[in-house]
Amino acid sequence: MSAKLLDGKLLAQNLQAGLKAEVDALRAKTGLAPRFVNIVIGQDAGSGSYGRSQKRVAEAVGIDYRFAQLPHTVTQEELLDQIHFLNNDPAVHGIMIHKPVPSGIDFQLAANLVSPGKDLEGLNDVNLGKLLTGRTRIIPCTPASVMAHLDSTGLDLSGKDAVVVGRSEIVGKPVELLLLERNATVTVCHSGTSKAGRLAEHVKRAEILVVAVGRPGFIRGEWVREGAVVVDVGINEVDGKLVGDVEFAPAAERASFITPVPGGVGPVTAVMLMKNGIEAFRQQTGVGI
Ligand code: NAP
């Protein structure tokens, strides 16, 4: 392997240390600790690994992180009441809704009722819309993790050919906007690109390659441009093991930097959630904005 590994655990630790110092300073100024609430419907909040790792990161940073546990029988209306209650509670600075939600619940409708100023995940339509104009500091967490990995390489993204494979609202589209804001020249590929038989051609041009598709080993190593930076967002389980969307070993022979799966984008995502929440806390308390 010739690529340098973009170690998400190490990056998360470094970012976490910075956030802890920030929370300590905010606490000294306001006498308050940021409080975040994760609304969990139907599952045991403590049993899910994402919820557990968020709580661990939050506590390490000095954030008061709580679960609001709702039964799986909860109605959309009852969920909305709970969100409304938390929106109006001045002691709560950040709110998120744990996924997956039961089939009777409309996640995006609920996410849109979270006050944009308390939106930990950055998935509220208002914050997604502001991403378009570059006017929000609340950034969807996984795209923020992708950008943190790219920044950790020290490379200037300006003018680079960036190819994003996948155009979901939670990953591909926000990554596109964030890369554009950094003056990369961005191409977004999706199922239509593959149907037209043109995916490999685009991937082969990429100096920056971000993949979020959800298909194991979907991007062939031989397509990766020599010296490319590869950020693999995909998480797929194959024979009980987690693998990404990029064929790791052959891609790592050609890339200059590459994220592993697991241990790449994932660990930094939870830290970005805390970063959003600290920004929300600043906006609500008026400290340092
Ligand atoms: P998603 O909503 O299912 O979107 C998948 C995207 O891949 C779609 O835009 C789809 O294109 C595209 N796609 C599907 N088949 C394709 C093909 N043959 N050629 C080109 N593009 C194709 O998935 P997501 O939520 O973005 O998640 C993607 C992956 O990232 C999953 O493995 C997920 O588990 C992982 N993930 C990881 C994190 C993390 O923190 N590490 C967070 C979120 C997601 P169309 O739009 O044309 O259908």
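Residues that are under 23 Å from Leu155 (Cβ atoms): which strands (runs of 3 or more DSSP E) entirely in segment 212-289 hold 2 or more of them?
Values: elements: 229-232, 236-238, 241-243.
Once the strands (runs of 3 or more DSSP E) in segment 212-289 are filtered for at least 2 residues that are under 23 Å from Leu155 (Cβ atoms), what remains is 229-232.
Condition first: among the acidic types (Asp, Glu) and within 16 Å of the ligand (Cβ to nearest atom). Now tell me which residues in segment 174-186 satisfy that. Of everything in segment 174-186, just one residue is among the acidic types (Asp, Glu) and within 16 Å of the ligand (Cβ to nearest atom), namely Glu176.
Residues of segment 230-281 that are open to solvent by less than 10 Å² (accessible area, probe 1.4 Å), among the charged types (D, E, K, R) and not assigned by TED's automatic domain parsing to the domain that holds Leu157: none at all. Apart from one condition, Glu207 fits all of (1) open to solvent by 20 Å² or more (accessible area, probe 1.4 Å); (2) away from the ligand (no atom under 12 Å from the Cβ); (3) touching a helix residue (DSSP H, G or I) at 6+ places or on another chain (Cβ under 8 Å); the exception is (3).
For segment 132-173, the set of residues classified as under 14 Å from the mean Cα position of the chain (by Cα), away from the ligand (no atom under 16 Å from the Cβ) and crowded, with 18+ Cβ neighbours inside 10 Å consists of Ile138 only.
Residue check: is Glu176 part of a loop (DSSP other than H, G, I, E, B), open to solvent by 20 Å² or more (accessible area, probe 1.4 Å), in contact (Cβ under 8 Å) with a residue 12 or more places away in the chain and among the charged types (D, E, K, R)? Walk me through it before giving the result.
On the way: part of a loop (DSSP other than H, G, I, E, B): no; open to solvent by 20 Å² or more (accessible area, probe 1.4 Å): yes; in contact (Cβ under 8 Å) with a residue 12 or more places away in the chain: yes; among the charged types (D, E, K, R): yes.
Considered against the rule, which asks whether it is part of a loop (DSSP other than H, G, I, E, B), open to solvent by 20 Å² or more (accessible area, probe 1.4 Å), in contact (Cβ under 8 Å) with a residue 12 or more places away in the chain and among the charged types (D, E, K, R), Glu176 comes out as no.
Screening the candidates Gly129, Gly192 for the property of being within 16 Å of the ligand (Cβ to nearest atom), farther than 20 Å from Val268 by Cα and open to solvent by 30 Å² or more (accessible area, probe 1.4 Å) yields one hit, Gly192. Taking (1) under 19 Å from Thr285 (Cα atoms); (2) open to solvent by less than 20 Å² (accessible area, probe 1.4 Å) in turn, Asn87 satisfies each apart from (2).
Every residue, every condition in (1) more than 10 Å from the ligand (Cβ to nearest atom); (2) of a type outside the set (D, E, K, R); (3) touching a residue at least 40 places away in the same chain (Cβ under 8 Å), yes or no:
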{"residue": "Glu222", "(1), (2), (3)": "yes, no, no"}
{"residue": "Glu226", "(1), (2), (3)": "yes, no, no"}
{"residue": "Val230", "(1), (2), (3)": "yes, yes, yes"}
{"residue": "Ile235", "(1), (2), (3)": "no, yes, no"}
{"residue": "Val238", "(1), (2), (3)": "yes, yes, no"}
{"residue": "Pro250", "(1), (2), (3)": "yes, yes, no"}
{"residue": "Arg254", "(1), (2), (3)": "yes, no, yes"}
{"residue": "Pro260", "(1), (2), (3)": "yes, yes, yes"}
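Taking the numbered list (1) under 30 Å from Lys99 (Cα atoms); (2) open to solvent by less than 30 Å² (accessible area, probe 1.4 Å) in turn, Gly214 passes all entries but (2).
Looking only at segment 1-34, count every residue that is open to solvent by less than 50 Å² (accessible area, probe 1.4 Å) and part of a helix (DSSP H, G or I) and tell me the total.
Looking only at segment 1-34, we keep the residues that are open to solvent by less than 50 Å² (accessible area, probe 1.4 Å), and these are 3, 6, 8, 11-12, 16, 18-19, 23, 26, 30, 33-34.
Next cut, part of a helix (DSSP H, G or I) only: 8, 11-12, 16, 18-19, 23, 26, 30.
Total satisfying the criteria: 9.
The values are calculated or read from the model by the stated rules, or taken from the named source; none is laboratory data. Everything numeric here is computed off the predicted structure, so don't read it as measured data. In this analysis, Cβ positions are derived from the backbone assuming ideal geometry, glycine residues included, and neighbour counts consider all displayed protein chains. Surface areas here come from the heavy atoms of the whole protein model, side chains and all, with no ligands, DNA or RNA. Shrake-Rupley method; radii C 1.70, N 1.55, O 1.52, S 1.80 Å.
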